[in-house]
Amino acid sequence: MNERTLRVLEYDKVRELLAEQAVSRAAKQLAKELMPTSNPYDVRDNLSETTEAVSVIIQKGTIPIGGINDIVPLVLLAKKEGMLSPGDLLRIKQNLYTARNIANHLKTDVNVGGAIADYAAGITVCKAEEDEIDRCIIAEDQIADSASAQLRSIRKAIVRKNEELRSKMNSIIQSRDNRDFLQDSIITIRDGRYVIPVKQEHRAKVDGIVHDQSGKGATLFIEPQAIVNLNNELRELQLEEQAEIVKILENLSAMVAARSEGIIANQDILIKLDFAFAKAKLALAMKAIEPEINEDGVVIIKEGRHPLIDRKKVVPANISLGKSYDTLVITGPNTGGKTVTLKNTGLMVLMTQSGLHIPAEIGTKMCIFEDVFADIGDEQSIEQSLSTFSSHMKNIVSIVGSAGIGSLVLLDELGAGTDPTEGAALAISILDYLLGCGAKTLATTHYTELKKYALTTPGVENGCMEFDVETLSPTYKLITGMAGKSNAFEISRKLGLSDSLILEAKKLLEQGDIEFEDLIAQITEDKKRAEEELDEAAEMKAEMEKMKADLEKQKEKFAAQKEKIISRAKAEARDMVKEMKEFSDSVFKELRELEKLSDPKARNRKFEEVRRKVKGRSDLYAEELSYKENERPADASEIRPGVFVYLVSIEQKGTVLTEPDSKGDLMVQVGLMKVGANVKDLQLLDEAPDEKKIRSKHEAMYKSKTATISTSCDVRGNDLDSAKQLVDKYIDDAYMAGLKTVTIIHGKGEGILREGLRSLYKKNKHVEGVRAAMPNEGGAGATVLLLK
């Protein structure tokens with residue numbers, strides 16, 4: 001890419017933003033050296049890599065890059081049988097730890113594909129090596145006692161020898177005979193040997209070796225002869241310690257050398273991952289998207305935001321090229337946003353071809369350019385004695401000589417800085433040439449001649465930066481397909497210039513120019529009105545679509561409800577058939593038993609019992625079937641006191657007692673009980689149920705529940721889903737039985753059942769309160785429920 005283009009479009013600032021998102025020094029350097037590519041395969045791969053990293057961050061957060069050290073020289077040293085220092089080994093361990101953490105992050109609970117998955121698969125996990133270094137090395141200059149049994153033994157011996165030496169030295173300095181000879185009653189060390197400070201004048205009275213003296217020579221540091229052997233033994237132990245440490249470091253270095261290829265490859269992968277996730281974090285920070293790449297030479301930027309302008313202040317722009325036109329001529333007032341639009345377009349292209357997401361909306365399409373050329377800003381050269389016009393023209397000459405098919409050309413204030421007539425003519429000639437050679441061009445101008453050129457030339461389109469004459473300020477909004485009207489007269493009038501002077505100025509303009517400006521004003525007004533009508537039509541369409549969607553939802557809801565009723569009916573029929581089969585089997589068994597009875601009276605009595613049992617069961621099924629036939633879904637508007645309903649959740653019939661509240665909650669009389677319910681749980685019964693039969697049935701059920709229900713429910717050993725089902729049914733049964741306090745026994749364990757069941761208690765309409773169980777009620781292994 002053209003270096004001058006990268007500079008004027010401020011591409012370096014984008015790279016700096018990217019570098020800030022990277023963690024490692026190497027990845028930051030990659031960001032600062034990032035360059036756009038014109039290879040379409042590389043562009044697609046790089047964009048996909050960024051998208052995959054964004055997906056990982058959204059699913060599970062960014063990868064845990066705790067630190068990446070440059071360990072290649074260290075590993076190569078180990079490979080050459082060199083010995084690594086403790087600090088070197090710690091840096092290698094840090095990389096191994098980071099690699100393992102990232103591999104685990106990417107391989108668990110994350111839907112990863114493409115390059116990121118390949119990186120994760122390529123990581124060599126060296127857990128054993130990591131643990132061994134961690135076991136042996138405490139700090140950059142400290143080896144752990146546990147590094148080897150021999151080292152631990154030597155260090156214990158050193159401790160004992162030091163204690164022996166100190167004890168001996170203490171006896172020497174505390175001796176009355178030596179007290180007058182010593183400068184201080186302290187023990188010190190010189191050259192690794194224990195010494196005592198002796199006054200210079202008493203040198204001859206202390207038998208030993210002089211190792212040092214004070215600055216003024218008044219004190220001599222003497223190793224008493226009595227501890228020379230002990231000091232020698234200590235020194236030998238210290239040398240043994242150093243030799244053992246060298247052996248440990250050599251073994252660790254050999255271990256690193258054995259895994260050198262994987263460790264070096266890990267570093268390369270970690271840097272690439274750091275860089276990929278830096279791109280992803282930048283994309284998320286900018287609310288950027290992956291553009292669609294096409295090979296048709298089409299650029300469609302939807303709501304594109306300049307990446308270097310504060311997101312809260314920037315005005316999004318819609319920019320297109322290459323579809324119905326290859327050249328866009330943009331007009332508008334100074335500081336109206338023309339230059340920002342050029343730079344924004346250029347940066348979007350450079351970012352895309354660098355594998356970065358761009359701050360725009362979904363549907364944005366970009367093509368791949370071989371070159372991007374830009375002539376933007378005032379680059380007057382004093383050293384070369386070039387004027388502003390000459391400086392621009394020198395750059396344009398270079399662009400015209402290089403641009404062609406596959407080029408994007410950005411020209412700011414084309415033809416400015418010289419005679420307007422000649423400048424406009426040159427500008428038209430240059431634009432015509434660039435159009436003819438196949439380049440895509442965005443150019444800004446103030447010249448009316450260029451507006452006319454864009455109106456009359458196929459492949460060239462007008463665009464303008466909107467300006468609010470009422471507030472005398474630009475809106476920074478790009479309007480494509482319309483030339484900008486000169487607002488000089490309107491602005492002057494707003495600022496107080498007299499109408500007579502403005503009228504005189506208009507007379508000096510050519511009649512054609514006045515008519516052209518009026519035509520532009522009329523087109524602008526017509527387009528604005530058309531856009532307003534289009535917006536109204538879009539709103540109406542959206543409203544109709546919403547109504548259609550609502551109707552579809554209602555249709556689906558009714559269909560689902562119908563399906564639910566049918567499914568429940570089928571399930572109940574299957575249960576009824578199963579129950580009937582079991583009942584018939586029991587009847588046949590009893591009939592077979594009758595044959596064994598010899599007493600005719602007993603046989604007749606038993607036969608009558610069986611007949612009554614069959615008759616009762618037949619009547620029960622007939623009653624239940626009649627209820628099913630009368631059921632239909634409830635509508636909130638039909639629910640009122642006295643209406644007969646079926647409660648789906650508890651499979652019971654009853655009579656509505658109260659009007660439903662704002663949430664749809666109400667009370668229903670079910671047999672002897674008053675039950676709280678919701679409209680969604682009700683189905684209407686076309687006919688009133690036989691209250692006598694229902695009451696009899698519920699009385700039997702109530703007596704059964706009261707007789708058999710326990711005051712506790714034990715769900716230990718069940719998984720959470722099974723426990724919820726058991727507890728939910730138990731609470732309903734306990735409520736029907738009239739229990740006010742029940743205990744749920746879930747066990748202590750890890751608290752999964754205890755915590756998981758809390759949500760069930762909160763939602764159950766029969767539960768009034770929850771409290772922890774007392775020690776005599778089960779303590780932490782149980783929960784007490786207070787029922788309504």
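The values are calculated or read from the model by the stated rules, or taken from the named source; none is laboratory data. Here the structure is a predicted model, which is why all the values come from computation and not from measurement. All Cβ positions, even for glycine, are placed from backbone atoms using ideal geometry, and neighbour counts span all protein chains on display. We work out accessible area using only protein heavy atoms, side chains counted, and drop any ligands, DNA or RNA first. Shrake-Rupley method; radii C 1.70, N 1.55, O 1.52, S 1.80 Å.
Take Leu18 and tell me if it is open to solvent by less than 10 Å² (accessible area, probe 1.4 Å) and under 15 Å from Met286 (Cβ atoms). Answer is yes for this residue. Tell me yes or no: at least one residue of segment 662-677 is assigned to a loop (DSSP other than H, G, I, E, B), open to solvent by 60 Å² or more (accessible area, probe 1.4 Å) and at pLDDT 80 or above. Looking through segment 662-677, at least one residue is assigned to a loop (DSSP other than H, G, I, E, B), open to solvent by 60 Å² or more (accessible area, probe 1.4 Å) and at pLDDT 80 or above. Between Leu249, Leu239, Leu220, Leu234, the distinction of being more than 25 Å from Leu84 (Cβ to Cβ), modelled with pLDDT of 85 or more and of a type in the set (A, V, I, L, M) belongs to Leu234 only. Restricted to segment 729-742, and to residues there that are at pLDDT 85 or above and crowded, with 18+ Cβ neighbours inside 10 Å, the residue that is nearest to Gly781 (Cα to Cα) is Val742.
Inside segment 743-756, can you point out the residues that are surrounded by 11 or more Cβ atoms within 10 Å (Cβ to Cβ) and without any contact (Cβ under 8 Å) to a residue 40 or more places away in the chain? The answer is Ile745, His746, Gly747, Lys748, Gly749, Gly751, Ile752, Leu753, Arg754, Glu755, Gly756. Of the residues Gln150, Gln142, Gln200, the single one that is more than 60 Å from the chain's Cα centre (by Cα) and either of a type outside the set (Lys, Arg) or at pLDDT 80 or above (or both) is Gln200. Among the residues of segment 315-329, the one identified as open to solvent by 40 Å² or more (accessible area, probe 1.4 Å), in contact with a Leu (Cβ under 8 Å, 6 or more places away or on another chain) and either within 18 Å of Thr445 (Cα to Cα) or of a type in the set (D, E, K, R) (or both) is Asp326. Residue pairs whose Cβ atoms lie under 8 Å apart, separated by 6 or more positions or on different chains, with the first residue in segment 154-167 and under 23 Å from Lys247 (Cα atoms) and the second at pLDDT 90 or above and acidic (Asp, Glu), are Ile154/Glu240; Ile154/Glu241; Ile154/Glu244; Arg155/Asp145; Arg155/Glu241; Ile158/Glu241. Based on this model, can you work out whether Leu720 counts as within 35 Å of the chain's Cα centre (by Cα), farther than 29 Å from Met673 by Cβ and open to solvent by 30 Å² or more (accessible area, probe 1.4 Å)? Judged against the criteria, Leu720 is a match.
Selection of segment 25-65 for residues being among the basic types (Lys, Arg) and more than 16 Å from the chain's Cα centre (by Cα) yields Arg25, Lys28, Lys32, Arg44. Annotation: of all residues in segment 351-378 being open to solvent by 10 Å² or more (accessible area, probe 1.4 Å) and out of contact with any helix residue (DSSP H, G or I) (no Cβ under 8 Å at 6 or more places or on another chain), the one that is nearest to Leu9 (Cα to Cα) is Glu370. In segment 110-126, the qualifying residues are those that are modelled with pLDDT of 90 or more and open to solvent by less than 30 Å² (accessible area, probe 1.4 Å), and the one that is nearest to the chain's Cα centre (by Cα) is Ile123. If you go through segment 390-407 and keep only what is open to solvent by 50 Å² or more (accessible area, probe 1.4 Å) and within 45 Å of the chain's Cα centre (by Cα), you end up with Ser402, Ile405. Applying the selection to segment 767-780, what residues are over 14 Å from Lys724 (Cβ atoms) and at pLDDT 85 or above? Answer for segment 767-780, where residues must be over 14 Å from Lys724 (Cβ atoms) and at pLDDT 85 or above: Glu768, Gly769, Val770, Arg771. Checking each residue in segment 408-455 for being under 23 Å from Met366 (Cα atoms) and either open to solvent by 60 Å² or more (accessible area, probe 1.4 Å) or basic (Lys, Arg) (or both) picks out Gly436, Lys440.
Looking at segment 283-308 only, could you name the residues that are of a type in the set (A, V, I, L, M, F, W, C), over 11 Å from Lys365 (Cβ atoms) and surrounded by 15 or more Cβ atoms within 10 Å (Cβ to Cβ)? Residues satisfying the conditions are Ala283, Leu284, Met286, Ala288, Ile289, Leu308. Listed by first and then second residue, the pairs linking a residue in segment 34-46 that is open to solvent by 40 Å² or more (accessible area, probe 1.4 Å) to a residue that is in a helix (DSSP H, G or I) and not acidic (Asp, Glu), with Cβ atoms under 8 Å apart and 6 or more places separating them unless they lie on different chains, are Asp45/Ala115. Every condition in (1) at pLDDT 90 or above; (2) open to solvent by 20 Å² or more (accessible area, probe 1.4 Å) holds for Thr335 except the one numbered (1). Using beta carbons and a limit of 8 Å, which pairs, at least six apart or on different chains, have the first residue in segment 226-245 and under 12 Å from Leu165 (Cβ atoms) and in contact (Cβ under 8 Å) with a residue 40 or more places away in the chain and the second one in a helix (DSSP H, G or I) and charged (D, E, K, R)? Listed pairs, sorted by first residue: Ala226/Lys168; Ile227/Lys168; Leu230/Lys161; Leu230/Glu164; Leu230/Lys168; Glu233/Lys161; Leu234/Lys161; Leu237/Lys161.
Do the conditions hold for Glu699, that is, is it charged (D, E, K, R), open to solvent by less than 90 Å² (accessible area, probe 1.4 Å), at pLDDT below 80 and in contact with a Ser or Thr (Cβ under 9 Å, 6 or more places away or on another chain)? When the stated conditions are applied, Glu699 does not pass them. Residues that are open to solvent by 60 Å² or more (accessible area, probe 1.4 Å), outside any loop (DSSP other than H, G, I, E, B) and closer than 17 Å to Ser85 by Cα within segment 133-155 comprise Asp134, Arg135, Ile138, Gln142, Asp145, listed in sequence order. Selection of helices (runs of 4 or more DSSP H) fully inside segment 1-96 by the criterion of at least 2 residues being farther than 26 Å from Val340 by Cβ and out of contact with any strand residue (DSSP E or B) (no Cβ under 7 Å at 6 or more places or on another chain) returns 25-32, 40-60, 72-79.
Considering only residues in segment 160-174 that are open to solvent by 80 Å² or more (accessible area, probe 1.4 Å) and modelled with pLDDT under 90, the one that is farthest from Leu249 (Cα to Cα) turns out to be Gln174.
Any residue at all in segment 769-786 that is closer than 27 Å to Asp681 by Cα, free of Cβ contacts under 8 Å to residues at least 60 places away in the same chain and of a type outside the set (A, V, I, L, M)? Looking for residues that are closer than 27 Å to Asp681 by Cα, free of Cβ contacts under 8 Å to residues at least 60 places away in the same chain and of a type outside the set (A, V, I, L, M), one finds at least one in segment 769-786, hence yes. How many of the residues in segment 220-257 are assigned to a helix (DSSP H, G or I) and open to solvent by less than 80 Å² (accessible area, probe 1.4 Å)? Within segment 220-257, residues that are assigned to a helix (DSSP H, G or I) and open to solvent by less than 80 Å² (accessible area, probe 1.4 Å) number 23.
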